[in-house]
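A.B. asks: Here it is, the structure, as structure tokens.
Derivation of every value follows stated rules applied to the coordinates shown; laboratory data play no part. All figures in this text were calculated on a predicted structure; none of them were measured in a lab. Reconstructed Cβ throughout: ideal geometry from the backbone, glycine too, with neighbour counts over all protein chains shown.
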Amino acid sequence: MPPLEFRRMLTGDLPRILEIERASHALPWDEGDFTRVLCGADGRVVGVRGVIVGFVVFRVEPGEAILLNMAIAPAWRCLGIGRAVVAELQEFARAKPGRGIAALVAERNVVAQLFFRAVGFCCVRIVRDGSGDDDAYQFAWSAEKTPWANRIARMVFGGKQTDGTTEARRHGEKP
Ligand SMILES: CC(C)(COP(=O)(O)OP(=O)(O)OC[C@H]1O[C@@H](n2cnc3c(N)ncnc32)[C@H](O)[C@@H]1OP(=O)(O)O)[C@@H](O)C(=O)NCCC(=O)NCCS
């Protein structure tokens with residue numbers, strides 16, 4: 001695998017990002033959705049030899065980073081790129097107060113559930129109708145490396161309604 005290149009998402013990246021987005025989600029964001037969300041959130045792209053192969057959009061809040069959207073181009077999946085993208089986000093979150101990441105995953109998106117489990121997240125809550133007509137699972141990751149990490153994640157993320165519930169477009173809401 002050639003080296004992965006990470007950088008901030010730029011407006012000029014949108015055509016390629018929209019291509020990946022449409023190939024990845026049943027209810028894809030459109031250009032307006034990305035533009036609106038990126039006014040209050042961060043976007044990163046990952047590339048290989050100058051070609052964008054994936055992206056992540058997240059918003060940093062005082063107690064957590066909320067992952068709003070993420071996709072890897074189909075031809076580049078199952079190569080460890082998603083794991084590398086989340087590792088970058090985890091590195092970023094470690095330096096922040098709260099030191100956690102939350103992500104909402106549609107009940108039907110089993111691959112994403114397996115993915116988030118594999119990269120250290122745990123399911124902390126079921127969100128009824130959190131994905132359009134479908135339920136969703138809220139996953140959380142904590143930077144704490146103790147055996148209590150999952151419990152801490154539940155305490156931090158499990159008992160409150162975060163904005164991630166309503167802003168994760170993947171799950172039926174327009175941003
Ligand atoms: C979910 C997604 C981002 C994963 O990206 P990826 O680059 O393919 O993932 P990785 O190759 O880094 O996989 C990391 C781990 O996740 C798990 N995983 C990933 N894809 C999997 C699959 N199709 N089946 C089972 N497990 C899978 C594996 O445990 C894998 O570890 P391993 O390679 O050591 O077995 C990608 O499938 C995707 O873009 N899906 C469509 C969009 C989406 O659902 N986004 C997430 C919600 S917003």
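A.B. asks: Taking other Cβ within 10 Å of each residue's Cβ, how do Ile72, Ile101, Ile126, Ile81 sort, fewest first?
C.D. replies: Details: Ile72 24, Ile101 29, Ile126 11, Ile81 18.
Arranged by neighbour count, lowest to highest, Ile72, Ile101, Ile126, Ile81 become Ile126, Ile81, Ile72, Ile101.
A.B. asks: Next question, about the same structure. At most 14 other Cβ atoms within 10 Å and a DSSP loop assignment: could you name the trypsin sites (Lys or Arg not before Pro) in region 79-136 that fit?
C.D. replies: Details: sites: Arg83, Arg94, Arg99, Arg108, Arg117, Arg125, Arg128; in loops: Arg99, Arg108.
Of the trypsin sites (Lys or Arg not before Pro), the ones in loops of region 79-136 whose Cβ has at most 14 other Cβ atoms within 10 Å are Arg108.
A.B. asks: Using modelled amide H (1.01 Å from N, peptide plane; none on Pro or chain starts), what sits under 5 Å from the amide H of Ala65, excluding residues fewer than 5 places away?
C.D. replies: Result for Ala65 returns Gly100, Ile101, Ala102.
A.B. asks: Related question: Are there trypsin sites (Lys or Arg not before Pro) in region 1-80 that DSSP marks as loop and that have at most 15 other Cβ atoms within 10 Å, and which are they? Could the numbers behind the result be given before it?
C.D. replies: Values: sites: Arg7, Arg8, Arg16, Arg22, Arg36, Arg44, Arg49, Arg59, Arg77; in loops: Arg49, Arg77.
Passing sites in region 1-80 are Arg49.
A.B. asks: What shape does region 25-126 have by the C-alpha gyration tensor, where a ≥ b ≥ c are the square roots of the eigenvalues, rounded means a/c under 1.5, and otherwise prolate means a/b greater than b/c and oblate the rest? Please list the in-between numbers first.
C.D. replies: Working: a/c = 1.25, a/b = 1.12, b/c = 1.11.
Here region 25-126 falls in the rounded category.
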